[in-house]
Amino acid sequence: MRVMKHPFSVIQNVFPLVGKSGICDTMFFYYATKGRVFLEEYKGHFPDFRRLWVNIPDDPNEQKAIARILGTLDDKIELNRRMNATLEAMARALFQSWFVDFDPVHAKAAGRQPTGMDAQTAALFPDSFQSSELGEIPKGWSLESVGSVFHLTMGQSPPGDTYNEHGNGMPFYQGRTDFGFRFPTRRMFCTAPTRLAKARDTLVSVRAPVGDINMAIEDCCIGRGVAAVRHKQAAASFTYYAMANLRPHFANYESEGTVFGAINKGNFEKLPIINPSDEILTAFEKIAGPIDEQIRANETQSRTLATLRDSMLPKLLSGQIRNGMP
């Protein structure tokens, strides 16, 4: 279920629900039907909405107060999501400028000072190009393979009887279905992990579809649908945006006339990567690293707020907490 704040149209099997004036606040109804108890009780019975029972406080002002408390938490979570989208766009643009478009090198080759950077950083970039199999690249840089620049760990699924949804063991990510905007969402855990990823490793979907990426927010176990990528010089931000830039290459391993596409370790390690100088790599990490750290902090805060919201929801709806006060 979703709450919509603007006019919209619906398709078949989508049911807009609005609270009756003076009886039920619409935002309260949204949260009342979002609760875990409600969803579990009426799972599989959603086609007959008119027969569903929802506990509603008699006082409309109390309904509004409950909705306002929960809505404030959701508003902050949504603000963090938008901030993270903006921050990631900034870091992606920087990677594109430095390592794809080679803007600083083009500027220096034309006798101009690169824009958006100080003289010390600009001095790190060459002022000419050299030929490579992928075309011209900055002089002194090299065209390498993924395997020569990164450590690559292909996931492996542990025995099925070691999985659980109760938080026992390590977080276990099986594939793209666990991926979020930047970080995967905890859904399954594993008590006997076989392949591990460390916090800040880049996680890449290697099976149907190939090439979606996330970043590990914590140490975790990875299944056969995921690979973990780590730069040999611990350049976590460069790794993340470099893997995103490889999507056209990953697309070649998508299925063609078959059900599933996949890429194995050998083919993954052969993918081309442009390798800059160590000094430029360090300069990029100094800029992109704090951006990525802010994204992680925002996400951590949002997860804490979501946990708080979900724990407060049944207490507010049951009357255990009234208007946010015990």
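The values are calculated or read from the model by the stated rules, or taken from the named source; none is laboratory data. The shown structure was predicted, so the numbers you read here are calculated from the model rather than taken from an experiment. Heads up, the Cβs are rebuilt from the backbone with ideal geometry, glycines too, and the neighbour counts pull from every protein chain shown. The area values use the complete protein model at the heavy-atom level, side chains included, leaving out ligands, DNA and RNA. Shrake-Rupley method; radii C 1.70, N 1.55, O 1.52, S 1.80 Å.
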> Amide H to amide H under 5 Å from Gly19: which residues, 5+ apart in sequence or cross-chain, H placed 1.01 Å off N in plane?
Replying inline: Thr26
> Once you put a point 7 Å from the Cα of Asp219 and another 7 Å from the Cα of Met90, both along the Cβ direction, what distance in nm separates them?
Replying inline: 3.2 nm
> For the cross-link pairs Lys108/Lys232; Lys108/Lys139; Lys232/Lys270, which exceed 22 Å when the distance is taken from alpha carbon to alpha carbon?
Replying inline: Lys108/Lys232
>> Quick one: the Cα spread of segment 197-270 along its three principal axes, in angstroms, biggest first?
In response: 38, 23, 19
> Taking only protein heavy atoms and a 1.4 Å probe, what accessible area per residue, in Å², does the chain have with all protein chains in place?
Replying inline: 56 Å²
> Which of the residue pairs Lys265/Lys286; Lys34/Lys64; Lys20/Lys76 have a Cα-Cα distance greater than 19 Å in the structure shown?
Replying inline: Lys265/Lys286; Lys20/Lys76
> When the helices in the chain are scored as -39500 (n - 2.57) per DSSP H run of 4 or longer and the sum is shared across all residues, what 222 nm value do you end up with, to the nearest 500 deg cm²/dmol?
Replying inline: -12500 deg cm²/dmol
> Could you sort Ile274, Ile295, Ile287 by accessible area so the largest value comes first, with the probe set to 1.4 Å?
Replying inline: Ile287, Ile274, Ile295
> If segment 102-197 were replaced by its equivalent ellipsoid, with semi-axes equal to the square roots of 5 times the Cα gyration tensor eigenvalues, what would those be, largest first, whole Å?
Replying inline: 46, 17, 10
>> Taking every alpha carbon pair in the chain, what does the distance histogram look like in 20 angstrom bins from 0, in percent?
In response: 25, 46, 25, 4
> If r is the Cβ-Cβ distance from His166 to Lys198 and R0 is 25 Å, what FRET efficiency results, to the nearest 0.05?
Replying inline: 0.55
> Ordered by packing density, taken as the mean number of other Cβ atoms within 10 Å over each peptide's residues, highest first, how do 114-120, 189-195 rank?
Replying inline: 189-195, 114-120
> With helices defined as uninterrupted DSSP H runs, which ones in the chain have an alpha carbon span along their own long axis of at least 30 Å and mean Kyte-Doolittle hydropathy of at least -0.5?
Replying inline: 60-99, 278-318
